[in-house]
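Please read the structure below before turning to the comments.
The values are calculated or read from the model by the stated rules, or taken from the named source; none is laboratory data. Just so you know, these numbers come straight off a predicted model, no measurement behind them. Note that we place each Cβ from the backbone using ideal geometry, even for glycine, and neighbour counts take in every protein chain shown. Protein only, heavy atoms only, side chains kept; ligands, DNA and RNA dropped before computing areas. Shrake-Rupley method; radii C 1.70, N 1.55, O 1.52, S 1.80 Å.
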Amino acid sequence: MAGFLGPRAIFWAFIVLTTAVIYKTYIHNFIFLTLGIGREIQPIEDFQWTCERVRHSLLEGCEDLWLDEQNRKLYAACNSLESRKGWSPGGNNYNISARSRTDHIAVMDVDQPGSDGLYGLRQLKISGYQDDLDLHGFDVRRIKGRLRFWLINHRPPVDHATGEFLDALVVGANSTVEIFDLDETLDTLEHVNTVASEAIVTPNGVAVEEDGLGFVITNDHNTKTGTFRNLEMLSGGGSLAYCRSNTGKCHIAADRGFSMANGIAHDKNGYYYVANSASGLITVHKLVNNELIQVESINTGYPMDNLWLDVDGNLIAAAFPDLIGLVRSSIDPYNSVAPATVLMINDIAKQLKTYGRNVKLSKLVEDRDAKSLPSSTVAVHDAKGHKLFLAGMFSPFITICEQRP
Ligand SMILES: *[C@@H]1O[C@H](CO)[C@@H](O)[C@H](O)[C@H]1NC(C)=O
Ligand SMILES: *[C@@H]1O[C@H](CO)[C@@H](O)[C@H](O)[C@H]1NC(C)=O
């Protein structure tokens, strides 16, 4: 054999093998996952939902949502679209002066549409925190009867000595997690503390443990800025940081196998589910000796953003069936809406035990023609109320769907 396979043949075999590996690892993903070649997108009429768009300036650019099932309220982290286009470090937008400084948490009473159809929409007031907020993902826990919020905050970088802004293109955002307690009668968020850490690099999503002490953030990239940051779309990147709310201490608890770690959800069994936007994988992690070891990896075949675990233990993912459409929509959000897909894994904890990575995936809803749903970065399933709430970082509206009997 050695005589037959001369140096030349070995060279070509090597080239073919390398190409095959690159194709399998990067190009295949790019063509089928990112571009969505050959992906079937269904019209919304195929699904048992009646959906309506709710349009208001307070409901623009809502990257993330949280549903209070008990008190029937929906909270949204929103900001004007102009501002999102200028300043969203996760999306490589670093223009500090384009910030409208109007980031806010909007709240709606989900069972009371009211005569104006705005569900009592209002904005939470902030107390005890003087600076602007620059919001992204967030999570909420009820602790001793009160709602506590963990908000990712992409603060612009500031020169310590002069107080002037630094060039964010060079140094990136000085991101933190801000913890607030909600006074529900006054609709006011009262600042509790700031968690700042080297491990909070490029935070995107946050998930809090049951006791409200431990929480995990996803870093969607390895670095805040730099030439190679964009290549992470192909080469992978990102990490998980584990933090404690009381001490404010964080450390990197996992940094292998991510590909734009984005949305994150935490369940009662101690599992963390992480959506990897660029690989279409949902990785499952468990905290062992302060490390978030990966125990499973589920291939969804879709780029994804935020995750939501409903009260029945179903995992819901806001997926992008048409990334080109999403980019178009982010450039021209008032005139162009991207198709949206909401994926669901029924009772994920139970399915993982039975089927491992071969859990069954279904579509909760899809909107090929962008008739009703926003260009969605988050979908929240209200299992009790048979509703669905969708919003998008680059959408001028949110959508509320009701399940048809
Ligand atoms: C940054 O935003 C400001 C305000 O919107 C705008 O005037 C300026 O042209 C932007 N700079 C860049 C580099 O896009
Ligand atoms: C980042 O924030 C910390 C305090 O939270 C501050 O000490 C530091 O100067 C900030 N750095 C930049 C570059 O803004």
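Here are some notes:
- Solvent-accessible area assigned to carbon and sulfur over the chain amounts to 55 percent, based on a 1.4 Å probe.
- Set 249/387; 224/353; 249/384; 144/353; 144/360; 268/387 screened for pairs whose C-alpha atoms are more than 29 Å apart: 249/387; 224/353; 249/384; 144/353; 144/360
- Per residue accessible area of the chain, 1.4 Å probe, in Å²: 45 Å²
- Peptides 96-102, 83-89 ranked from most to least packed, by the mean per-residue count of other Cβ atoms within 10 Å: 83-89, 96-102.
- Dipole in debye (nearest 20) - the chain, about Cα centre, beta carbon charges: Lys, Arg +1; Asp, Glu -1: 1040 debye
- Over region 329-393: Rg over Rh, Cα atoms, Kirkwood Rh: 1.08
- Residues whose amide H comes within less than 5 Å of that of residue 296, counting only those at least five positions distant or on another chain, are 284 (H built at 1.01 Å from N in the peptide plane).
- Listed by chain and number, the aspartates and glutamates placed with their C-alpha closer than 15 angstrom to that of residue 85 are 60, 63, 103, 134, 332; residues fewer than eight positions away on the same chain are left out.
- Ranked by the mean number of other Cβ atoms within 10 Å of their residues, highest first, the peptides 152-160, 58-66 fall in the order 58-66, 152-160.
- The separation of region 140-186 from region 260-333, counted between C-alpha centres, amounts to 23 Å.
- Shape category assigned to region 39-403 from the gyration tensor of Cα positions, a/c cut at 1.5: rounded
- Using a cutoff of 8 angstrom between alpha carbon atoms and counting only pairs six or more residues apart, the relative contact order for the chain works out to 16 percent.
- Estimated from helical segments only, the mean residue ellipticity of the chain at 222 nm is -3000 deg cm²/dmol, where each DSSP H run of four or more residues counts as -39500 (n - 2.57).
- Among residues other than residue 370 with Cβ under 14 Å from its Cβ, the summed charge is -2 (Lys and Arg +1, Asp and Glu -1).
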